[in-house]
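Trainee: This is the structure, below, for whatever I ask next.
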Amino acid sequence: MLEKEQILLIVYFTVIILFFIIFGIVFFIAFQKRKNKLLLKSFKDQQRFEDALFKSKIEIQEQTLKNVSWELHDNIGQLLSTAVMQINMLNTNLDPELANSIQDVRSLVGDSLQEIRNLSKTLNNEVIQNIGLKESIQVELTRFEKLNFLKTKFSVTGDKTDLHPKDEIIVYRIIQEFFSNTIKYSQASSLEIKIEYQIKNLIISIKDDGIGFSKKNAKAGSGLLNMASRSDLINAKFEYETAPGEGVSLRLTYPFKSNNEDIKNNELG
């Protein structure tokens with residue numbers, strides 16, 4: 001009888017120990033799930049905050065560029081237009097030899113006026129949205145050709161698909177950032193850009209024939225970080241390849257958004 005009670009007591013304590021072990025395991029698993037959920041929520045909150053911060057930064061940059069565009073077009077452009085008119089008036093009272101020299105000055109001022117007007121177009125997001133991505137790129141490339149910065153080649157394939165307006169601006173700014181880096185640092189003589197409209201994606205490929213650089217030594221301030229951040233903002237895939245002496249190539253893959261995503265973007269904007 002005593003032995004039976006001992007066995008029951010052992011079984012009883014064994015069950016209690018197993019219960020606490022199982023309870024401990026379940027509690028630990030629940031704790032880990034709760035911890036992971038909180039960490040995930042914290043990460044998503046941080047991501048949303050960073051996205052909102054970057055969107056605000058983009059909006060401020062766009063407004064600044066728009067203001068500069070207005071200043072160039074309205075103020076400086078007006079001053080140069082007045083200068084052209086005054087040169088025309090002056091030209092009528094001069095002898096032919098001096099008139100020819102003045103005509104050269106007039107042409108130079110006229111070219112400067114046209115260059116400022118073209119530059120103002122590339123800075124104003126409203127103009128870019130009105131004339132479209134292809135035409136905006138062509139304006140930049142034509143400007144490079146006229147200023148003898150680069151020889152350019154531009155091609156578009158596939159059936160055109162409209163981008164979300166705000167995304168179109170960001171795509172153009174990424175391209176513009178690449179152009180700027182090419183002009184400033186690459187020592188390139190030619191630039192090639194291809195746009196390919198696919199069923200689900202827009203593929204943009206750009207390549208210069210400049211000096212390139214080592215990817216290991218790439219600096220965050222070189223424009224690459226800015227292009228990558230802008231790409232993340234529109235869920236586009238940003239890739240680049242370079243090596244010393246081999247130029248720089250960029251490939252941007254932008255996924256076309258559904259109507260629901262466009263509505264969501266409009267609400268966020």
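The values are calculated or read from the model by the stated rules, or taken from the named source; none is laboratory data. Predicted, not measured: the structure shown is a model, and the values here were computed from it. For neighbour counting, all protein chains shown are included, and Cβ atoms are generated from backbone atoms with ideal geometry for every residue, glycine included. Ligands, DNA and RNA are stripped out before the accessible areas are found, and what is left, the full protein with its side chains, is counted by its heavy atoms. Shrake-Rupley method; radii C 1.70, N 1.55, O 1.52, S 1.80 Å.
Trainee: If R0 is 51 Å, what FRET efficiency do you get for Val15 and Ser229 from their C-beta distance, rounded to 0.05?
Mentor: 0.30
Trainee: Could you check the simple spin-label distance between Gln187 and Phe149, using points 7 Å along Cα→Cβ, in nm with one decimal?
Mentor: Distance between the two pseudo-spin positions: 1.9 nm.
Trainee: Which of the pairs Lys134/Lys215; Lys153/Lys184; Lys134/Lys257; Lys160/Lys184 have their Cα atoms more than 21 Å apart in this structure?
Mentor: Details: Lys134/Lys215 30 Å; Lys153/Lys184 19 Å; Lys134/Lys257 19 Å; Lys160/Lys184 31 Å.
Among Lys134/Lys215; Lys153/Lys184; Lys134/Lys257; Lys160/Lys184, the Cα-Cα distance tops 21 Å for Lys134/Lys215; Lys160/Lys184.
Trainee: Let me check something: with ligands and nucleic acids excluded, how do Ile183, Ile170, Ile21, Ile199 order by accessible area (1.4 Å probe), largest to smallest?
Mentor: Ile199, Ile21, Ile183, Ile170
Trainee: If DNA, RNA and ligands are ignored and the probe is 1.4 Å, what is the ranking of Glu239, Glu246, Glu115 by accessible area, most exposed first?
Mentor: Largest to smallest exposure gives the sequence Glu246, Glu239, Glu115.
Trainee: Would you please give the residues with an amide H less than 5 Å from that of Ser190, counting only those at least 5 places away or on a separate chain, with H modeled from the backbone geometry?
Mentor: Correct list: Lys151, Asp209.
Trainee: Given the protein chains as shown and a 1.4 Å probe, how many square angstrom of Val105 are accessible, to the nearest 10?
Mentor: Spelled out: Val105, probe radius 1.4 Å, area about 70 Å².
Trainee: A further question on this structure: Over 5 Å intervals from 0, what percent of Cα-Cα pairs in the stretch 139-212 sits in each interval?
Mentor: Taking all Cα pairs of the stretch 139-212, the binned fractions are 3, 14, 24, 25, 17, 11, 6, 0 percent.
Trainee: Amide H to amide H under 5 Å from Gly158: which residues, 5+ apart in sequence or cross-chain, H placed 1.01 Å off N in plane?
Mentor: The list, which skips near neighbours in sequence, is Tyr197.
Trainee: Another one. State the answer as a single residue: which of Asn235, Ile206, Val248 lies farthest towards the positive end of the charge dipole of the stretch 197-249, with beta carbon charges of +1 for Lys and Arg and -1 for Asp and Glu, about the Cα centre.
Mentor: Asn235
Trainee: Calculate the FRET efficiency for Ile131 and Ile211 from the Cβ-Cβ distance with a Förster distance of 25 Å, rounded to the nearest 0.05.
Mentor: 0.15
Trainee: Please list Asp111, Asp167, Asp209 from largest to smallest accessible area, probe radius 1.4 Å, with all protein chains kept in place. Write out the running numbers ahead of the final one.
Mentor: On the way: Asp111 105, Asp167 10, Asp209 75 Å².
Final ranking, largest accessible area leading: Asp111, Asp209, Asp167.
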